[in-house]
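Trainee: Submitted below is the structure of interest, expressed as structure tokens.
Just so you know, all these numbers are worked out from the coordinates, no wet-lab data involved. For clarity, every value in this text was computed on a predicted model and none was experimentally measured. Don't worry about glycine lacking a Cβ; one is built from the backbone with ideal geometry, like all the others, and counts go over all protein chains shown.
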């Protein structure tokens with residue numbers, strides 16, 4: 001599948017339209033999800049044939065995209081049941097139901113029988129609720145060989161996150177910046193739509209070569 | 001929910017992480033890539049170590065921590081699940097389930 005085809009396919013997904021402010025959910029734009037997934041597969045071979053988890057999956061865009069790119073299995077976990085219902089519908093729509101599955105649960109409590117290959121995650125940014133993004137990172141690094149995680153950009157945050165990742169037993173191998181359009185989904189947003197800078201971190205844990 | 005999910009997940013209760021047991025109550029077949037795949041609609045997941053139960057409702061495994069199950073809409077949905085399948089759910093879960101059973 002070409003990048004353009006993946007983008008177009010993911011753009012046809014149903015996005016969640018109301019958001020829980022305390023969870024700081026910002027839907028990953030289809031173009032960015034497609035670019036992240038495509039590069040993870042083409043540059044690193046982290047998707048095809050792999051067992052992939054999407055932590056805080058929302059409408060399921062990373063898990064479904066991973067399944068479209070040939071992941072062996074892709075599982076999304078989220079604490080909101082209406083998000084998972086959207087994920088289910090999206091998976092049916094895009095024909096990935098045999099390789100995707102969904103779990104209602106708290107990411108911090110997720111327990112697996114064996115380590116997995118890859119985590120993809122757009123965690124809460126952790127601005128309103130301090131440390132929310134670190135809870136996701138801690139879990140990701142403990143279960144997956146490779147983690148792709150999106151965080152607010154900025155020099156200070158990069159230094160902070162690099163150290164935090166190291167404390168959690170991981171190594172940041174790559175940072176890529178994206179412009180992330182945030183639609184006016186929360187009342188405290190004053191502009192109709194604004195752009196924020198988001199960094200995608202690729203993190204290896206101790207099992208990663 | 002697919003059966004293979006049970007090959008991946010362990011019990012999410014803190015300090016438990018044990019292997020889980022699955023009892024399917026209702027499932028249907030869907031065609032995907034020219035193959036028939038079993039989609040589980042309703043099932044009971046149990047942990048033999050900490051004795052918790054978790055429902056599969058409308059195809060989604062509900063494995064929330066106790067505090068998020070005890071109140072609100074989730075509690076209502078999970079109680080309705082026990083009620084719906086009370087002829088199949090083991091009596092010890094109905095009566096003294098962890099984190100709750102059905103109201104007498």
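Trainee: Looking at residue B:61, is it facing chain A (nearest Cβ under 10 Å), part of a strand (DSSP E or B) and surrounded by 14 or more Cβ atoms within 10 Å (Cβ to Cβ)? Let's see the steps before the verdict.
Mentor: Details: facing chain A (nearest Cβ under 10 Å): yes; part of a strand (DSSP E or B): yes; surrounded by 14 or more Cβ atoms within 10 Å (Cβ to Cβ): yes.
When the stated conditions are applied, residue B:61 passes them.
Trainee: Here is a list: B:88, B:17, B:49. Which entry is in contact (Cβ under 8 Å) with a residue 60 or more places away in the chain and part of a loop (DSSP other than H, G, I, E, B)?
Mentor: Details: B:17 fails: in contact (Cβ under 8 Å) with a residue 60 or more places away in the chain; B:49 fails: in contact (Cβ under 8 Å) with a residue 60 or more places away in the chain.
Answer to the selection: B:88.
Trainee: Every residue in segment A:100-116 that is surrounded by 19 or more Cβ atoms within 10 Å (Cβ to Cβ) and more than 8 Å from every other protein chain (Cβ to nearest Cβ), please.
Mentor: A:100, A:107 - these are the residues of segment A:100-116 that are surrounded by 19 or more Cβ atoms within 10 Å (Cβ to Cβ) and more than 8 Å from every other protein chain (Cβ to nearest Cβ).
Trainee: Condition test on residue A:83, is it farther than 20 Å from residue B:65 by Cβ and within 14 Å of chain B (Cβ to nearest Cβ)?
Mentor: So residue A:83 does not fit the description; no.
Trainee: Name every residue in segment A:135-162 that is without any contact (Cβ under 8 Å) to a residue 40 or more places away in the chain and touching a helix residue (DSSP H, G or I) at 6+ places or on another chain (Cβ under 6 Å), in order of residue number.
Mentor: The answer is A:135, and nothing else.
Trainee: Ok, one more. Filter segment B:20-36 for residues that are surrounded by 15 or more Cβ atoms within 10 Å (Cβ to Cβ), at the interface with another protein chain (Cβ under 10 Å from one of its Cβ atoms) and in a strand (DSSP E or B) and give the result.
Mentor: Passing the criteria: only B:32.
Trainee: Can we say residue B:38 is in contact with a helix residue (DSSP H, G or I) (Cβ under 7 Å, 6 or more places away or on another chain) and farther than 15 Å from residue A:103 by Cβ?
Mentor: yes
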